[in-house]
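Structure, as structure tokens:
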Amino acid sequence: MSMHDSAIMLRRNFKHTIRNPISVFNAILFPVILMLMFVYVLGDAFSVGEHYVDYATPGMILLAICYGLSATAVGANSDMTKGIINRFKVMDVSRGAVLTGQVIASMVNNVIAVAAIVGTAYALGFRPSAGLLDWLGVAGLVLLLGFAIGWFTVALGLFAKSPETAGLGVVPLIMLPFFSSAIVPADKMGAGVKQFAEYQPFTPIIETFRGLLAGAPHTGDVIAALAWCAGIAIVGYLWATATFTKRA
Amino acid sequence: MRDTAIEVSGLRKAYGDKTVLDGIDLTVEAGTIFSLLGPNGAGKTTAVNVLTTLTGADGGTVRVGGHDIAREPKAVRSVIGVTGQFAAVDELLTGEENLRLMADLHRVGRRSVPELLERFDLTGSAKKLSSTYSGGMRRKLDLAMTLVGTPRIIFLDEPTTGLDPRSRRTMWSIIRELVADGVTVLLTTQYLDEADHLADRVAVLDQGRLVAQGTPAELKRQIPGAHVRLRFAGVSDLDAAARALTGATPDQESLSLKVASDGSTKSLRALLDRLAEHEIDAEELSVHTPDLDDVFLALTGHNSASTEAVAK
């Protein structure tokens, strides 16, 4: 029942993505440009104790995921503000299906952007020591994070008053990786920012990516990353469904 | 005795401390067009939202297609179709894809899609993105999407607001065809002539209450008929005309005279003959048919915009 509706909705969201190639292009191109900038232009200025591209890639994976979110938020908001959601609501369509379609489409965008970043990293000399299992771990965490943050972003999009505010709403999510261990290690940052960077959700997630790519993930980071993802997913899911039900 | 399609009794709805619907009772028989007539802010859209299960009611009972909206919302949704005030089409899909989406979601074959495109005169634009459609085309596509699941009861919230006169006529004939097929239609409108042209029964909604209900003919009997307005060059002409035409209301400020008349050529000729007898010339003559404001004035003692004016 719900699967049938979800599949139809997903197909609809894919069509939206294909019809709106600029946003996809933007979501892929921007992280790649940032990566080139950090690795080529700034990389040598940071002493991170290893080849900079090896240090930066895990953070760039996260950044690639976050960059795609504005399209997700704007899409969810357009559905809500342009009335099509009300049409689905009075149609006896599985209510979860509309949102599931948006979340899965968002995850697909994430996977494409991450693939582009990893490809770029290899071209820049990235040579991780990860084995097959580690790579599967990376893929799993990309999907899990995409799922969690996808629900959160859909909620944000549904909640926002207009597509413009929805687009602005994800800016903190896009900025957050910069205040984590993505670009430079947290212990090199100033007081205050350092503590923030150490305890914010993206740091353990990046450290898990880093550990997996190095072939030796830290159990503590993995647990923290999984816990954050689960927490974000639950909050996002509850917020999204509540907003969806309430706003007519 | 016909079946009842919609039965509303004692319906109440408030947002915070603002009462939007204050005890609505109405009955719509199957296979008829029922029109909810009222100005902006009267509660028309809220009524439609409650009746179509989008918003919960705060009190009263509503049965749509024999199902209680609070207890069996899914059953209600399976028999209704809704076209809201703003065209709810997917702008990133073509007209054809929008209809296919509906067919897939309703789990009915896509065979009806070409027929609907044809019926709504959209075949030529079927492969274009609906974001490129004009307002009238969007409304048509929206209504076509509503019809995909062959609903028995259709709600149309201001289906012609913002449409040009030609598109409006097209929409009217489409709505009439629907009822000919046995569908029940509840439509909201701000236009008396629309209710008059389409509806079997009309209910007038004012500040969340129904102030009148009946057939268009019954309602029109309660409101002042059409009148003729004559404008004169000077006060002397105006006074002379006011003396000659009994029952006319002069307005010194605009130098005009309001005369009751049904607007027929016969009554106009009689009026002009009377003016000629007294050798009075009018600068201008215009015929006015009753509009929503007249209905409101007659039924509520205030005109449709006065509450807002007072609030300002």
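The values are calculated or read from the model by the stated rules, or taken from the named source; none is laboratory data. Owing to the predicted nature of the structure, the values given are computational and were not obtained by experimental measurement. Cβ coordinates were reconstructed from backbone atoms using ideal geometry, including for glycine residues, and neighbour counts include every protein chain displayed.
Among all residue pairs at least 6 apart or on different chains, which show Cβ distances below 8 Å where the first residue, located in segment A:1-21, is more than 9 Å from chain B (Cβ to nearest Cβ) and the second is outside any helix (DSSP H, G or I) and surrounded by 14 or more Cβ atoms within 10 Å (Cβ to Cβ)?
Partner pairs satisfying both residue conditions: A:Met1/A:Ser94; A:Ser2/A:Ser94; A:Ser6/A:Ser94.
Sort through A:Gly83, A:Gly68, A:Gly101 and tell me the only one that's crowded, with 23+ Cβ neighbours inside 10 Å and within 14 Å of chain B (Cβ to nearest Cβ).
It is A:Gly101.
Condition check: in contact with a Gly (Cβ under 9 Å, 6 or more places away or on another chain), closer than 30 Å to B:Ser9 by Cα and of a type in the set (Ser, Thr, Tyr). Does B:Thr53 satisfy that?
It is false that B:Thr53 is in contact with a Gly (Cβ under 9 Å, 6 or more places away or on another chain), closer than 30 Å to B:Ser9 by Cα and of a type in the set (Ser, Thr, Tyr).
Identify, from the list B:Leu192, B:Leu219, the residue that is more than 24 Å from B:Gly10 (Cβ to Cβ) and buried (at least 22 other Cβ atoms within 10 Å of the Cβ).
B:Leu192
Counting only residues that are small (Gly, Ala, Ser) and away from chain B (no Cβ under 14 Å), which one in segment A:104-128 is farthest from A:Leu156 (Cα to Cα)?
Ranking the qualifying residues of segment A:104-128, first place goes to A:Gly125.
Among the residues of segment B:61-75, write down those that are touching a residue at least 24 places away in the same chain (Cβ under 8 Å) and crowded, with 17+ Cβ neighbours inside 10 Å.
Within segment B:61-75, B:Val62, B:Arg63, B:Val64, B:Gly65 meet the criteria.
Tell me yes or no: at least one residue of segment B:113-128 is β-branched (Val, Ile, Thr), surrounded by fewer than 21 Cβ atoms within 10 Å (Cβ to Cβ) and either within 12 Å of chain A (Cβ to nearest Cβ) or in contact (Cβ under 8 Å) with a residue 40 or more places away in the chain (or both).
Looking for residues that are β-branched (Val, Ile, Thr), surrounded by fewer than 21 Cβ atoms within 10 Å (Cβ to Cβ) and either within 12 Å of chain A (Cβ to nearest Cβ) or in contact (Cβ under 8 Å) with a residue 40 or more places away in the chain (or both), one finds none in segment B:113-128, hence no.
Name the residue, out of B:Thr184, B:Thr94, B:Thr170, that is more than 13 Å from every other protein chain (Cβ to nearest Cβ) and crowded, with 19+ Cβ neighbours inside 10 Å.
B:Thr184
Could you identify the single residue in B:Arg152, B:Arg100, B:Arg110, B:Arg169 that is among the charged types (D, E, K, R) and touching a residue at least 24 places away in the same chain (Cβ under 8 Å)?
B:Arg152
Quick one: would you say B:Arg12 is under 11 Å from B:Gly208 (Cα atoms) and not β-branched (Val, Ile, Thr)?
Here the answer is yes, as B:Arg12 does meet what is asked.
Is it true that some residue in segment A:41-49 is modelled with pLDDT of 85 or more, surrounded by fewer than 22 Cβ atoms within 10 Å (Cβ to Cβ) and of a type outside the set (Val, Ile, Thr)?
No, because not a single residue in segment A:41-49 is modelled with pLDDT of 85 or more, surrounded by fewer than 22 Cβ atoms within 10 Å (Cβ to Cβ) and of a type outside the set (Val, Ile, Thr).
For segment B:25-45, enumerate the residues that are hydroxyl-bearing (Ser, Thr, Tyr) and surrounded by fewer than 23 Cβ atoms within 10 Å (Cβ to Cβ).
Of everything in segment B:25-45, those that are hydroxyl-bearing (Ser, Thr, Tyr) and surrounded by fewer than 23 Cβ atoms within 10 Å (Cβ to Cβ) turn out to be B:Thr27, B:Thr32, B:Thr45.
In this structure, does B:Val89 turn out to be within 13 Å of chain A (Cβ to nearest Cβ), touching a His at 6+ places or on another chain (Cβ under 8 Å) and closer than 30 Å to B:Pro114 by Cβ?
no
Pick from B:Arg77, B:Arg100: which is more than 7 Å from chain A (Cβ to nearest Cβ) and of a type in the set (Lys, Arg)?
B:Arg100
Only one of these conditions is not met by B:Arg110: (1) in contact with a helix residue (DSSP H, G or I) (Cβ under 7 Å, 6 or more places away or on another chain); (2) more than 17 Å from B:Leu147 (Cα to Cα); (3) surrounded by fewer than 17 Cβ atoms within 10 Å (Cβ to Cβ). Which number is it?
(2)
With respect to B:Thr146, is the statement that it is within 22 Å of B:Gly182 (Cα to Cα), of a type in the set (S, T, N, Q) and within 12 Å of chain A (Cβ to nearest Cβ) true?
So B:Thr146 fits the description; yes.
Pairs please, first residue from segment A:230-248 and charged (D, E, K, R), second anywhere and assigned to a helix (DSSP H, G or I), Cβ atoms under 7 Å, 6+ apart in sequence or on different chains.
Correct list of pairs: A:Arg247/A:Met80; A:Arg247/A:Leu158.
Go through segment B:248-262 and count every residue that is of a type outside the set (Asp, Glu), farther than 12 Å from B:Val228 by Cα and surrounded by fewer than 15 Cβ atoms within 10 Å (Cβ to Cβ).
Residues that pass the stated criteria total 2.
Is one or more of the residues making up segment A:23-38 within 14 Å of chain B (Cβ to nearest Cβ) and under 22 Å from A:Trp151 (Cβ atoms)?
yes
Working carefully through the options B:Lys220, B:Lys266, find the one that is among the charged types (D, E, K, R), under 30 Å from B:Met171 (Cα atoms) and at pLDDT below 90.
Residue meeting the stated conditions: B:Lys220.
Does any residue of segment A:199-212 turn out to be touching a helix residue (DSSP H, G or I) at 6+ places or on another chain (Cβ under 8 Å) and within 14 Å of chain B (Cβ to nearest Cβ)?
No, the conditions are met nowhere in segment A:199-212.
Restricting attention to segment A:196-248, which residues are over 24 Å from A:Leu158 (Cα atoms), surrounded by fewer than 20 Cβ atoms within 10 Å (Cβ to Cβ) and of a type in the set (Gly, Ala, Ser)?
A:Ala214, A:Gly215, A:Ala216, A:Gly220, A:Ala224, A:Ala227
Taking the residues in segment A:156-176 that are assigned to a loop (DSSP other than H, G, I, E, B) and not hydrophobic (A, V, I, L, M, F, W, C) as candidates, determine which candidate is farthest from A:Ala64 (Cα to Cα).
Among those residues, the one meeting the criterion is A:Lys161.
Could you check, for segment A:137-155, whether at least one of its residues is assigned to a helix (DSSP H, G or I), surrounded by fewer than 21 Cβ atoms within 10 Å (Cβ to Cβ) and within 14 Å of chain B (Cβ to nearest Cβ)?
Within segment A:137-155, not a single residue is assigned to a helix (DSSP H, G or I), surrounded by fewer than 21 Cβ atoms within 10 Å (Cβ to Cβ) and within 14 Å of chain B (Cβ to nearest Cβ).
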